[in-house]
Every structure is written in C-alpha cells, then in structure tokens.
1. Consider residue 144 against the criteria (1) part of a loop (DSSP other than H, G, I, E, B); (2) at negative phi: it satisfies all of them except one. Which criterion is unmet?
2. Cβ-Cβ below 7 Å, separation at least six or inter-chain, first residue in the stretch 122-143 and open to solvent by less than 70 Å² (accessible area, probe 1.4 Å), second modelled with pLDDT under 95: which pairs?
3. Report whether or not residue 168 is over 15 Å from residue 125 (Cβ atoms), in contact with a Lys or Arg (Cβ under 6 Å, 6 or more places away or on another chain) and surrounded by fewer than 17 Cβ atoms within 10 Å (Cβ to Cβ).
4. I'd like the full set of residues that are assigned to a helix (DSSP H, G or I) and under 21 Å from residue 102 (Cβ atoms), limited to the stretch 168-220.
5. Condition (residue is touching a strand residue (DSSP E or B) at 6+ places or on another chain (Cβ under 6 Å), open to solvent by less than 80 Å² (accessible area, probe 1.4 Å), within 18 Å of residue 89 (Cβ to Cβ) and in contact (Cβ under 8 Å) with a residue 12 or more places away in the chain) applied to the stretch 209-226: is it met by at least one residue?
6. Looking at 128, 100, which is the one that is touching a Ser or Thr at 6+ places or on another chain (Cβ under 9 Å) and in a strand (DSSP E or B)?
7. From 182, 149, grab the single residue that is of a type outside the set (Gly, Ala, Ser) and either open to solvent by less than 40 Å² (accessible area, probe 1.4 Å) or within 18 Å of the chain's Cα centre (by Cα) (or both).
8. Can you tell me which residues in the stretch 100-121 are among the charged types (D, E, K, R) and surrounded by fewer than 24 Cβ atoms within 10 Å (Cβ to Cβ)?
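The values are calculated or read from the model by the stated rules, or taken from the named source; none is laboratory data. Keep in mind the model is a prediction, meaning the values are calculated, not measured. So basically every Cβ, Gly included, is an ideal-geometry build from the backbone, and we count neighbours across all protein chains shown. When the accessible area is computed, the model is the full protein with side chains, heavy atoms only, and any ligands, DNA or RNA have been set aside. Shrake-Rupley method; radii C 1.70, N 1.55, O 1.52, S 1.80 Å.
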Amino acid sequence: MDLGHVCFLQLGWEISSIPCPVKVNRKAESSGAAAAVVWPSAVFARKLRTMILEPCDSLAATVAGGPVAAETDDRHWMGLALEQARCASLVGEVPVGAVLLSASGALLARAHNRPIAMQDPCAHAEILVLREAARALGNYRLLGTTLYVTLEPCAMCAGAMLQARVAQLVFAARDPKGGAVVSRLGVLDAEPRLHRLRWREGPGARESQALLQDFFRARRAGKGGREA
C-alpha cells in the first residue's frame, strides 16, 4: 500500500472519485491482473498530505512548550483556526476550528469540530484543544492561555474555558443562534464571575461565515449527507 492510498484512506475517500495524477502498471493492465489498479502518484500524494492531512491532524500538531512562532498577531492564529475549519468541512463536520496558545505565545493545540467522527456531542473544536493542551501540560488549569476560534463559542465551550481558566478568547464570526459570548448569552461576563476571561472579536469573520454558509447550503442540497 503506497503513500497515496494511505492518504485517501485516512480521509475516507474513494480513490476513483478524486481526479489526480496517477501511475498505472501497464504490464499488469494488459494481463488483467489486480495490480493494474490506478494509484495516485507519489508526488501528488505528498502534496495531498501537506495540504490537507497534516493541518487536519490535531494530535500531530500538538506541541507542549514548543518554539514560539515568529508571527503572533491575530490574523496569523485565526488563519490556522480557519485551516482547521476547512478540514472539518472536508470530512463532513460543521466547519469550526480552534487553536490554543500558551502564555508565552507557543502553539499548544489545534483542532476542529469532530462530534460525528468521535460520536461525542461535546467534541467541539474548543473542547478538543482544551483537552489536548491539558493532557500535554499535565494540568487542567490552562493559565495565561489564549484561544482562537472561528465561531463564537456556545454555552458549553464558554463554560469550559472558564473552568480551564483560559486568559483570553478571540473569535471570528458571531453565532446569532447559539453564541454564548455576545449574541445570545453573556456567559463570560455574567456576575458573580467565576473567572475573568478577556474576549474580543478578531479577524476572519467573513471567511468563517462563508465556510458555514457553503457547508449548510451543500447539506440542504443533499450533498452533505450527515447531521451535525
């Protein structure tokens, strides 16, 4: 089994449904042998892994106390969160992505929504980065951390951030139906406060909204095929 086959299997896609450069065993093809199956070329497979699989792998992306990124502005980190949101859409999950930074600005974890894949109603992007960072650091208190997420958190995720003592939240698009920071509820500002968590609206709202609209439009048209 070559790299191209592994790439597609991890994404759950059929090889034959993806147009790509291929290599064919011509001798086997002429004899009708099974080895004549069309596989993606190694070059294409490597590009696929770089473009899609690696950004989607939240476990591989987790680095406890790793090197601080040179670019620490909101647009950079929200860009990583948007990459995760795109990965979610590719695998049929609602496109929401998140990243968590340490107090020093190092990337601790990144993830996207995975309630369908994990069969877990709590597997929102924010919850997954909190869990992963807590395991990596060996501490359920994530003091001084900053969480970037592409959509305004729900009440569950906002409450989890308070419990984890996250220092700061930056989100892209508002969620008029379920947002629990400013749209529907004000969980982070409710008195008496369990913990003072600073929050602000950051860049990427338009991109996040477009991803969500495209996802739900496709699902309504019968192309999504899954419930979120």
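1. Here residue 144 clears every test but (2).
2. 128/58; 132/58; 132/62; 136/62; 136/64
3. Yes; evaluated as a whole, the condition is true for this residue.
4. 188
5. Among the residues of the stretch 209-226, not one is touching a strand residue (DSSP E or B) at 6+ places or on another chain (Cβ under 6 Å), open to solvent by less than 80 Å² (accessible area, probe 1.4 Å), within 18 Å of residue 89 (Cβ to Cβ) and in contact (Cβ under 8 Å) with a residue 12 or more places away in the chain, which makes the answer no.
6. From the options 128, 100, the qualifying one is 100.
7. On the way: 182 fails: either open to solvent by less than 40 Å² (accessible area, probe 1.4 Å) or within 18 Å of the chain's Cα centre (by Cα) (or both).
The match here is 149.
8. If the condition is that a residue be among the charged types (D, E, K, R) and surrounded by fewer than 24 Cβ atoms within 10 Å (Cβ to Cβ), then 114, 120 are the ones that fit.
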